[in-house]
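Input: a single structure, listed below in structure tokens.
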Amino acid sequence: MIYKVTSKDNRRVVEAAKLKAIKYQKDSGLYLVEGFHLLEMAVKQNRVDYLFAINPIENQNVDQYIVNECIIRKLAASKNPQGVVAVCKIAKPLALSSLRLLYLDDISDPGNMGTILRTALAFGYRDIILSPNCVSPYNDKAISASQGAIFALNLVEMAHEEIISLHNQGYKLIVTSLKDSVDLSNLTKKDKYVVIVGNESRGVNSRLLEASDDKVKINISGIDSLNVAVATGIVLYELNRK
């Protein structure tokens, strides 16, 4: 159905605006997505609940609220919104089913989060595990940086103890670390593993380091370390080659 809304105080508009806050996202199971590209990606994965647009959008099987630019700006996070904001459903986490998993240990920057999700999807990783203290993947900057990858991934939250227990299911733990580690290119092939990358400033948690089967580092020169999103991309690419 298509409805016309002119007031910023409309109930639907007010409810949607609250979704800019992580608390309301968790409580409602909904989050905001803006722009035509992300809308298209969300539609493909059946994530859209309803949407707001300046002009009606064809071939949409969800309720559309036709609004003015003022309302779009109230809902959008970007300075120059494209004229569409969708309210999307947070997908329920599924059981882990992949031989290759990626664990994000307390990633704090939303741009890094989104870039890692985008990179993981590009290299064929589908089950992405987040520690409880990670930045929300539904942060608007994370969603934008993911370029729609967030809609195609199975995002699961697990504590450190649960990751360590994956040993019992035959997974090897591969941890990125600058200390007591081997060059990534020298890592022997694994059939079933979890890649673990850590916080931007602290790195991987000490308990995970102690429980790891392999500690790896990227051979670089001229600088001490790489951005975590860049490093993750290199690690995933190299493991794909093995």
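Summed over region 67-86, the residues that are out of contact with any Gly (no Cβ under 9 Å at 6 or more places or on another chain) and farther than 14 Å from ILE57 by Cβ give a count of 9.
Applying a threshold of 9 Å to beta carbon distances and a minimum spacing of six or more residues, or different chains, the list of pairs starting in region 111-134 at a residue that is surrounded by fewer than 21 Cβ atoms within 10 Å (Cβ to Cβ) and ending at one that is of a type in the set (Phe, Trp, Tyr) reads PHE123/TYR237.
May I ask you to verify whether ASN219 is assigned to a helix (DSSP H, G or I) and exposed (fewer than 12 other Cβ atoms within 10 Å of the Cβ)? Criteria not met by ASN219. Applying the criterion of being of a type in the set (Gly, Ala, Ser) and out of contact with any strand residue (DSSP E or B) (no Cβ under 6 Å at 6 or more places or on another chain) to the residues of region 175-202, the residue that is farthest from SER97 (Cα to Cα) is SER201.
Mind checking which residues of region 19-75 are touching a residue at least 60 places away in the same chain (Cβ under 8 Å), among the charged types (D, E, K, R) and touching a Leu at 6+ places or on another chain (Cβ under 7 Å)? The answer is LYS20, and nothing else. Taking region 67-148 and the helices (runs of 4 or more DSSP H) fully enclosed by it, the elements with 2 or more residues that are assigned by TED's automatic domain parsing to the domain that holds LYS189 are at 110-122, 140-146.
Residues that are in contact (Cβ under 8 Å) with a residue 24 or more places away in the chain, of a type outside the set (Lys, Arg) and within 15 Å of ILE129 (Cβ to Cβ) within region 87-101 comprise ALA91, PRO93, LEU94, LEU96, SER97, SER98, LEU99, LEU101, listed in sequence order.
The values are calculated or read from the model by the stated rules, or taken from the named source; none is laboratory data. Owing to the predicted nature of the structure, the values given are computational and were not obtained by experimental measurement. All Cβ positions, even for glycine, are placed from backbone atoms using ideal geometry, and neighbour counts span all protein chains on display.
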